[in-house]
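Below: one structure, written as structure tokens.
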Amino acid sequence: MPLAIGISIACGLPVYSGLISAIIGGIVVGAFSGNSLQVSGPAAGLILIITDIIAAEGVEKLFLIIFVVGLMQIAFGLFSLGKWFRAISPAIIQGMLAGIGISIFLSQFHIMLDNKPGNSFLKNISDLYYVIYHSVLPFDGSHHHIACFIGILTIGTIILWNNIPNKKFKVIPSALVAVILASVVAAVLHLDIINYIAVGSNFWQNVTFIKPELFKSVFNGQILLSALIITFIASAETLLTSNAIDKMCERSKTDYNKEIIAQGIGNSLSGLVGGLPITGVIVRSAANINADAQTRLSTMMHGVWLVFFVTCFPQVLNYIPQSALAAILVYTGYKLVDIDAAKKLYKLSKGEFAIYMITLVAILCTNLFEGILVGFGAALAKSVFKMLSVRIRVEEEENRLVVKLTGNIVFLQLPQLIDIFEKLPDDKNVYVCADRLHFMDHACADFIKDWEAARQKFDVSTEVDWSSIRRTYPSLKWKNFHKED
């Protein structure tokens, strides 16, 4: 509940939007899910793109877009395309999460101090010193300082609760404990000068259905593009979460296409009634597994409990300070920046780490969609570079030179090939070995054939292992390339 409310506020939407999507994620998605232990609901990772869509298209069209997202996910699942959403470089995913995490951290840090965040990463980071200096120091009891106190209390409680040795206590989510403590302290100390959640006595009066006339915009290019972006990100996050859950718990085995269909049903319904996009979320799912969940009933009951509390005790939400919810998102943003994952990427491959950093910086300097496109471009460029990379080594063995070709070679590397081969001495025996060559195109093979023929006039041995090269490019008419053929 606290996370759902916090995400709503961070998106600039009523508390209702986050809570109704959490309810649907629990009851509806939980009932149809392809992973019975996965808990779905609004995700912090989509905050940036939601705020961008609201700024560009407005709130009403946001809900239409979410409805279309659901239809797209159902279609993808029915056509068994769920597995393709897993075909994403981990470097892009980690860079995306880190970029989102830093953006959320900075924007919510301002709200935690009862300040208004800027509309960009650069604005938020440039104002950071001013915010800290004027909102925290000196501590004179203003609403900024009181909000800061509540925020620090919330984050401190989360950290302490997460580090309690006794696992029995961890059945209760740390965010819930932190919000309850912050609300009690604020009420006992009568900290009325800070901002609180505002919820009416009837939660269900906030239900907002999509206006029928909006459906004529379904085929609008911008609507479809925005829906496709959310579909891609939400589906990828859901299926990556499912994959992580399968590794965490032996009882879990995901049917990916079924899971995408379940998410689609949930999102189409959420959009119809004014909710946020729904994804599978690792934090909630991990809490479910740690509580020793056995069936999908636990996931569905989480939605039922939300219905019970917002129906019978909506006024309780009014005691929650906004700074406490912002503090939860500050901590969530910090956790999204997985330093250990970044270190592993760096050790694994400098190229993958470069993709991670490019994606992260691009998201911070532009927006989520453009940042991901830049990340994909970097990953594609790296793959193309790897595909077109060749290593040519010249080694001396006994009384001959051995030219070893490794990797892939096409016409773009022909100048490099020519430069090395033409520098080989005319008075040395040469053997060309291509055992580790994966691919050679016609241009390069033709050059080697001509080079071999030209060396026949020298009183030396020139041997090309055409059998190896033939395997690298079997479609060539090799009979034209060797006198014995």
Checklist line | Residues (closer than 11 Å to L329 by Cα and either under 23 Å from the mean Cα position of the chain (by Cα) or of a type in the set (V, I, T) (or both)) located in the stretch 105-124 | finding: F105, L106, S107, Q108, F109, I111
Next item on the list: Might you let me know whether the stretch 295-313 holds any residue that is among the basic types (K, R), in the same structural domain as K168 (by TED's automatic domain parsing) and under 26 Å from G6 (Cα atoms)?
Entry: yes
Checklist line | Cβ-Cβ under 8 Å pairs, at least 6 apart or on other chains, the stretch 248-259 side within 14 Å of I74 (Cβ to Cβ) and in the same structural domain as E237 (by TED's automatic domain parsing), far side in a loop (DSSP other than H, G, I, E, B) and hydroxyl-bearing (S, T, Y) | finding: N257/S80; K258/S33; E259/S33
Next item on the list: Residues being part of a helix (DSSP H, G or I) and modelled with pLDDT of 85 or more: count how many of those fall in the stretch 413-446.
Entry: 14
Check: Only one of (1) more than 27 Å from the chain's Cα centre (by Cα); (2) at pLDDT below 90; (3) crowded, with 19+ Cβ neighbours inside 10 Å fails for A175. Which number is that?
Finding: (1)
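Any chance you could count how many residues in the stretch 206-230 are part of a helix (DSSP H, G or I) and surrounded by 10 or more Cβ atoms within 10 Å (Cβ to Cβ)?
Selection size over the stretch 206-230: 13.
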Next item on the list: Quick one: F313 ticks every box in (1) crowded, with 24+ Cβ neighbours inside 10 Å; (2) over 29 Å from Q73 (Cβ atoms) except a single one, so which number is it?
Entry: (1)
Item checked: Of all residues in the stretch 389-432 being under 18 Å from S461 (Cβ atoms) and among the hydrophobic types (A, V, I, L, M, F, W, C), the one that is surrounded by the fewest Cβ atoms within 10 Å (Cβ to Cβ) -> V394
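Just checking: which of the helices (runs of 4 or more DSSP H) contained wholly in the stretch 28-140 hold 1 or more residues that are in contact with an Asp or Glu (Cβ under 6 Å, 6 or more places away or on another chain) and at negative phi?
On the way: elements: 47-57, 59-78, 90-112, 121-126, 128-135.
Ranges flagged: 90-112.
Looking only at the stretch 178-195, count every residue that is in contact (Cβ under 8 Å) with a residue 40 or more places away in the chain and either under 31 Å from the mean Cα position of the chain (by Cα) or not assigned by TED's automatic domain parsing to the domain that holds A55 (or both) and tell me the total.
Quick first cut of the stretch 178-195, residues in contact (Cβ under 8 Å) with a residue 40 or more places away in the chain only: 178-179, 182-183, 186-187, 191, 193-195.
Of the ones still in play, those that are also either under 31 Å from the mean Cα position of the chain (by Cα) or not assigned by TED's automatic domain parsing to the domain that holds A55 (or both) are 178-179, 182.
Total satisfying the criteria: 3.
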Note to self: Considering only residues that are surrounded by fewer than 24 Cβ atoms within 10 Å (Cβ to Cβ), closer than 30 Å to L348 by Cα and in contact (Cβ under 8 Å) with a residue 12 or more places away in the chain, which ones fall in the stretch 56-93?
What the structure shows: L81, K83, F85, R86, I88, S89, P90, I92, I93
Notebook entry, point to check: Residues in the stretch 365-382 that are closer than 14 Å to I100 by Cβ, surrounded by fewer than 22 Cβ atoms within 10 Å (Cβ to Cβ), of a type outside the set (S, T, N, Q) and in contact (Cβ under 8 Å) with a residue 60 or more places away in the chain: how many?
Noted result: 2
Next item on the list: Could you pull out the residue among A43, A56 that is of a type in the set (G, A, S), over 22 Å from the mean Cα position of the chain (by Cα) and under 20 Å from E370 (Cα atoms)?
Entry: A56
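The values are calculated or read from the model by the stated rules, or taken from the named source; none is laboratory data. Computed from a predicted model, the values in this text were never measured in an experiment. Virtual Cβ from ideal backbone geometry, glycine too; neighbours counted across all protein chains shown.
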